[in-house]
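Enquirer: Supplied in structure tokens, the structure appears directly below.
Quick note: the coordinates plus some simple rules give every number you see, no bench work behind them. All of these numbers come straight from a predicted model, not from anything done at the bench. A quick note on method: Cβ atoms are made from the backbone with ideal geometry, for glycine too, and the neighbour counts reach across all protein chains shown.
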Amino acid sequence: MSNTAMTKEKWVSLFQEIGLDEATMTQWHRAFETRHPEEHQSFLEWLSIPEEEISQIRGT
Amino acid sequence: MHTIGRVARKYSVSRSTLIYYHSIGVLVPSGRSSSNYREYSDSDLRRMDRIQLFRSAGLSLDSIVMLLGKKGDELNATLEGRLSSINGEIQALRDQQKIILKILEKESAIRGTRVLTKKIWVSILEAAGLDDAAMENWHIEFEKTSPEAHQDFLETLGISDAEIARIRDRSKAFAH
């Protein structure tokens, strides 16, 4: 995935804008990780999230 | 003490590999037998264990020679460097994967790869409780706040150009 200036902050605000709260986002990551771990990793990399934080997100 | 043949068998490497390791100083046998054959001590074997471990992490022999004499911090820095170069290689492979999929343009080719598809994406959004209306909103907001990233993201899902144009036009129309 090439990166066209998409960041975690922008993504989170996008999700907040459509009414997703923290709990729903956590649930979303969990579903993503359980069903498609590799794609979850790719997606987080696409958001330019540092490796350390990616493991944190994927671990929860 | 262990002979070169025994060490080679134990680590599934050839004798010439061990002779090469000796010549470049990565693994120098501690002893010589009376007939001048190489002899490896237990501590040589422990060093070989680490060499094998670093080799399987894809590190070059040059880096390994450096690493073996180092403490935790420097070791971590080198391994992190290797990790980031692996990430770079993965990225390059993903780009190639994307190009091949584009050439093939077959749904069957997409299955069994690690590409994030529209189907997977939608199923995950649904799992988080998003309905069609929420997804529609998401496109509208995405288009409004980051139009280029919206295009890029839809491309990574393998959606056709025509469908991307439809989605973005619809999102723009609702944006006011």
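Enquirer: Beyond 17 Å, how much of the Cα-Cα pair distribution for segment B:2-68 remains, as a whole percent?
Expert: On the way: 769 of 2211 pairs.
When every Cα pair of segment B:2-68 is considered, 35 percent fall beyond 17 Å.
Enquirer: Fewest first, what order do A:Thr34, B:Thr156 take by the number of other Cβ atoms within 10 Å? Don't jump to the answer; show the numbers that get you there.
Expert: Working: A:Thr34 11, B:Thr156 20.
Lowest to highest Cβ neighbour count: A:Thr34, B:Thr156.
Enquirer: Mind checking which of A:Ser48, A:Gln27, A:Val12 is farthest towards the positive end of chain A's charge dipole, using Cβ charges of +1 (Lys, Arg) and -1 (Asp, Glu) about the Cα centre?
Expert: About the Cα centre, the residue reaching furthest to the positive side is A:Gln27.
Enquirer: Sticking with this one: Determine ³J(HN,Hα), in whole Hz, for all residues of segment B:88-98 in sequence, where each value follows from phi through the Karplus function 6.51 cos²θ - 1.76 cosθ + 1.60 and θ = phi - 60°; x replaces Gly and Pro.
Expert: x, 5, 4, 4, 4, 5, 4, 4, 5, 4, 4
Enquirer: Something else now. Add -39500 (n - 2.57) for each DSSP H run of 4 or more in the protein assembly as shown, then divide by its residues: what number comes out at 222 nm, to the nearest 500 deg cm²/dmol?
Expert: Numbers: 14 runs with 169 residues, N = 236.
Taken over the protein assembly as shown, the calculation gives -22500 deg cm²/dmol.
Enquirer: If you rank B:Tyr40, B:Tyr20 by fewest surrounding Cβ atoms within 10 Å, what's the result? If you can, show how the numbers build up before the last one.
Expert: Working: B:Tyr40 23, B:Tyr20 14.
By the 10 Å Cβ count, ascending, the order reads B:Tyr20, B:Tyr40.
Enquirer: Along segment B:128-145, what does the Karplus equation 6.51 cos²θ - 1.76 cosθ + 1.60 (θ = phi - 60°) give for ³J(HN,Hα), rounded to whole Hz, x for Gly and Pro?
Expert: 7, x, 7, 9, 4, 5, 5, 5, 4, 4, 4, 4, 4, 5, 4, 5, 5, 8
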